[in-house]
Amino acid sequence: MILNRKVLLAVASLPMMLVATACAPSSEPTTTTGNGGGQNVVATGEKVTISGAGATFPAPLFQRWFDAYNRQVNPNIQVSYQSIGSGAGLEQYINKTVDFGASEAPITDSADRLKSFKAKHNYDPIQIPMTGGFLSFSYNLPGVKDQELRLSRTTYCGIVTGKINKWTDPAIAADNPGLKIPDLPITFAHRSDGSGTTFVFTNHIKTVCPDWTSGAGTSVQWPVGVGGQGNEGVAATIQQNPGAIGYLSYAYAALNKIDSALIQNKAGTFIAPSPEAAGKALLDEPVPDNFALLVPDPAGKDSYPIVGLAWVMIYRQYEDDAKWQAMRKVFEWSLGPEGRKLSEELLYVPIPEPLVERIKKEFDTVNAK
């Protein structure tokens with residue numbers, strides 16, 4: 001599927017963190033009120049509070065989805081999401097301290113976490129892709145504007161392994177003939193916490209960089225660089241240090257107005273980060289039965305090379321049917337036309353309709369009392 005869309009950048013006023021709120025259930029009559037935008041807000045029965053935790057990468061989109069659903073669809077359904085990183089979110093999901101977890105790394109990719117989950121719950125987890133996204137090499141280089149910097153695969157592999165440590169390195173000059181780059185040391189910014197963003201990034205780096213020895217995972221032993229907590233921490237590190245470069249969810253880079261490089265893909269094309277280029281990389285790939293699609297190095301000429309999905313992890317059994325039905329409605333709305341519109345505005349890749357139909361069938365397998 002090739003996505004041809006007008007992308008609307010509407011992230012300037014978006015909060016970075018999602019704050020958990022508590023709302024005590026109370027019995028209320030069904031009401032219908034106008035929301036000022038021509039759409040009815042329908043309050044149905046008891047208030048339901050849903051809790052989730054995990055990946056920072058989809059957090060801006062989750063914030064918009066959950067807030068919009070509460071304001072525009074049903075004010076009695078309130079979703080609280082803690083943006084704490086994929087690793088911590090998966091642990092809370094395994095321990096059932098939340099109603100759902102979220103991660104950029106499928107739980108089925110971790111033998112230890114999958115074993116822990118099955119030992120506690122005696123069934124397989126359900127992981128549902130909610131959105132696609134892409135990671136940028138984002139930088140702070142005085143005098144070098146957004147998407148002026150070009151990085152070949154050889155060059156960015158050298159940066160992440162520490163073999164290239166100055167911006168005056170000949171490899172960078174060869175990638176950028178005529179571009180005046182300041183004489184600064186390179187500070188590589190990476191995640192310090194367990195992170196699905198790191199999983200997506202290192203899965204790509206492991207595939208394309210022959211000298212990379214740290215493998216792929218939510219946490220790795222970095223050969224070089226400075227760590228930051230969450231996408232927020234990496235963004236702050238880049239902003240505060242001239243000469244810094246690091247990997248970010250592009251939504252965070254755009255939100256913080258951090259410049260991003262064009263990077264070379266497998267076909268040899270230098271590609272700017274965009275939902276269209278990420279969509280070409282992700283959405284033409286066959287999705288396995290457990291939805292654990294990984295595309296570490298897409299081959300398309302116009303495909304952006306560092307892409308991944310973000311999944312929510314739900315349980316096969318819920319003790320509260322009202323909570324599960326409310327959660328299902330929120331997720332299906334988020335995957336539907338209104339949610340897709342918000343995905344596009346915030347520079348994420350919407351899930352295609354055929355895959356949404358598969359997801360709805362997966363929801364049918366959940367049991368609730």
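The values are calculated or read from the model by the stated rules, or taken from the named source; none is laboratory data. Note that the structure is a prediction, hence the values are computed from the model and not measured. Using ideal geometry, Cβ is built from the backbone for each residue, glycine included, and neighbour counts are taken over all protein chains shown. These area figures cover heavy atoms from the full protein model, side chains too; ligands, DNA and RNA do not enter into them. Shrake-Rupley method; radii C 1.70, N 1.55, O 1.52, S 1.80 Å.
Our coupling estimate for the range 268-280, obtained by passing each phi through the Karplus curve with A = 6.51, B = -1.76, C = 1.60 and θ = phi - 60°, is x, 7, 8, 10, 7, x, 7, x, 5, 5, 5, x, 5 Hz, Gly and Pro reported as x. Rg/Rh for the chain (Cα atoms only, Rh after Kirkwood) is 0.99.
Only Cα pairs under 8 Å and 6+ residues apart enter the sum, and on that basis the relative contact order of the range 233-317 stands at 24 percent. Of interest is the spacing of the C-alpha centroids, which for the range 158-204 and the range 70-119 amounts to 31 Å.
Segment GLU353..ALA272, full-extension length gain: 26.6 nm, with 0.36 nm per residue of separation and the alpha-carbon distance subtracted. Across the range 86-93, coupling constants 3J(HN,Hα) worked out from phi with the 6.51/-1.76/1.60 Karplus curve, θ = phi - 60°, read 4, x, 5, x, 5, 5, 5, 5 Hz, and Gly and Pro carry x. Oblate is the label for the range 291-351, because the ratio a/c of its alpha-carbon gyration tensor axes (a ≥ b ≥ c) is 1.5 or higher and a/b is not greater than b/c.
Using alpha carbon centroids, what distance separates the range 311-369 and the range 211-234, in Å? For the range 311-369 versus the range 211-234, the Cα centre distance is 31 Å.
For VAL79, nonlocal amide neighbours, meaning residues 5 or more places apart or on other chains whose placed amide H falls under 5 Å from its own, are ILE50. Pairs from the list LYS96/LYS118; LYS323/LYS360; LYS47/LYS115; LYS96/LYS329; LYS323/LYS361 with a Cα-Cα gap above 23 Å: LYS47/LYS115. If R0 is 35 Å, the Cβ-Cβ spacing of ASN367 and ASP284 corresponds to a FRET efficiency of close to 0.55. Residue separation of ASP321 and VAL224 scaled by 0.36 nm, minus their Cα-Cα distance, works out to 30.1 nm of gained length. Restricting attention to the chain, close to 55% of DSSP beta bridges with both partner residues there are antiparallel. Within the accessible surface of the range 262-369, defined with a 1.4 Å probe on protein heavy atoms only, the carbon and sulfur portion equals 48 percent.
The apolar share of the surface of the range 98-245, taken as the fraction of accessible area on carbon and sulfur atoms (1.4 Å probe, ligands and nucleic acids excluded), comes to 47 percent. Counting only DSSP H runs of at least 4 residues, each contributing -39500 (n - 2.57), and dividing by the residue count of the chain, the helix-based mean residue ellipticity at 222 nm comes to -10000 deg cm²/dmol. Computed over protein heavy atoms with a 1.4 Å probe, the accessible surface of the range 217-369 works out to 38 Å² per residue.
Modelled spin-label separation between LEU184 and TYR123, with each label point placed 7 Å from Cα along the Cα-to-Cβ direction: 5.2 nm. Shape of the range 78-200 from the C-alpha gyration tensor: prolate (a/c of 1.5 or more and a/b above b/c, with a ≥ b ≥ c the square roots of its eigenvalues). Under 1.5 on a/c is rounded, so check that first for the range 234-325, then, if it is not, pick prolate when a/b is larger than b/c and oblate when it is not; a ≥ b ≥ c are the square roots of the alpha carbon gyration tensor eigenvalues. The shape class here is oblate. Taking 24 Å as the straight-line reach from the Cα of LYS180, the lysines in range (excluding those fewer than 8 positions away in the same chain) are LYS145, LYS163, LYS166, LYS257. For the range 153-170, putting each phi into the Karplus relation 6.51 cos²θ - 1.76 cosθ + 1.60 with θ = phi - 60° gives couplings of 4, 4, 6, 6, 5, x, 5, 6, 8, x, 6, 10, 10, 9, 6, 8, 4, x Hz, in residue order, rounded to whole numbers and with x for Gly and Pro.
Taking amide H atoms as placed 1.01 Å from N in the peptide plane, the amide H of SER219 lies under 5 Å from those of SER195, each 5 or more residues away in sequence or on another chain. For THR237, neighbours were defined as the other residues whose beta-carbon sits under 15 Å from its Cβ, and their charges (Lys and Arg +1, Asp and Glu -1) total -2.
Per residue, the average separation of C-alpha pairs within less than 8 Å and at least 6 apart gives the chain a relative contact order of 22 percent.
For ILE271, nonlocal amide neighbours, meaning residues 5 or more places apart or on other chains whose placed amide H falls under 5 Å from its own, are ILE263, GLN264, ASN265.
Across the range 209-354, Cα pairs under 8 Å and at least six residues apart give a relative contact order of 17 percent. On a per residue basis, the range 58-120 carries 36 Å² of accessible surface, using protein heavy atoms and a 1.4 Å probe.
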